[in-house]
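No lab work stands behind these numbers, since they all come straight from the coordinates. A quick note: this is a predicted structure, and the numbers were derived from the prediction, not measured. Neighbour counts run over all protein chains shown; Cβ positions are idealised from the backbone, glycine included.
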Amino acid sequence: MISGGKCRMKCKNIRIRSRKYQKYYYCMRKKQEIDISNCYNCSYKEYKQYRKMNQKSKKLRQLEDNRTSIITEDMEHCYLCQKMMKKHEVNKHEVFFGTGNRIQSMKYGLIVPLCNNCHTIDNLSVHNNYFTDIKLKQLGQKIFEERYSHEEFMRIFKKNYL
């Protein structure tokens with residue numbers, strides 16, 4: 001049966017199946033259960049085709065590199081826990097993340113610096129805790145509306161968080 005976790009080939013015909021909680025390899029081409037050593041020498045071996053990942057455009061890369069914040073001036077301390085961070089440890093979190101909102105957050109400066117724990121790891125982190133996320137969004141909307149207007153916020157982000 002199956003031993004170890006790294007045995008699996010990149011052949012597109014091989015599958016892992018189970019029968020009575022016992023896992024085994026199955027060849028879709030031969031339509032039978034096989035031993036993994038038989039797959040190494042198989043004449044029907046076909047490799048999966050992988051696409052190259054899209055690279056970020058120059059414009060988006062420049063926007064990400066030049067992110068500034070209208071929420072806080074201090075980009076060296078975590079906004080939530082006030083922990084001092086080195087330059088390479090800072091996670092510049094877009095308050096309104098998502099497909100279109102992320103770019104708009106970068107453009108209008110709705111960015112907060114967060115440490116790794118507050119960003120993703122901790123249970124109270126922004127991505128794991130709804131209430132922390134909503135509080136940051138409410139703060140971001142309040143500061144945005146002081147600089148611009150409520151109508152402008154609704155036109156760009158299309159949702160009221162206050």
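Residues of segment 8-44 that are of a type in the set (Gly, Ala, Ser) and in a strand (DSSP E or B): 18 alone.
For every residue, the table says whether it meets (1) under 30 Å from residue 162 (Cα atoms); (2) not basic (Lys, Arg).
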{"position": "41", "(1), (2)": "no, yes"}
{"position": "60", "(1), (2)": "yes, yes"}
{"position": "67", "(1), (2)": "yes, no"}
{"position": "95", "(1), (2)": "yes, yes"}
{"position": "99", "(1), (2)": "yes, yes"}
{"position": "104", "(1), (2)": "yes, yes"}
{"position": "108", "(1), (2)": "yes, yes"}
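Within segment 110-162, the set of residues being in contact with a helix residue (DSSP H, G or I) (Cβ under 7 Å, 6 or more places away or on another chain), under 15 Å from residue 72 (Cα atoms) and assigned to a helix (DSSP H, G or I) comprises 141, 144.
Consider segment 52-79 and keep the residues that are assigned to a loop (DSSP other than H, G, I, E, B) and of a type in the set (D, E, K, R). The one that is farthest from residue 92 (Cα to Cα) is 52. Does residue 88 fit the bill of being assigned to a strand (DSSP E or B) and closer than 30 Å to residue 124 by Cβ? The answer is no for residue 88.
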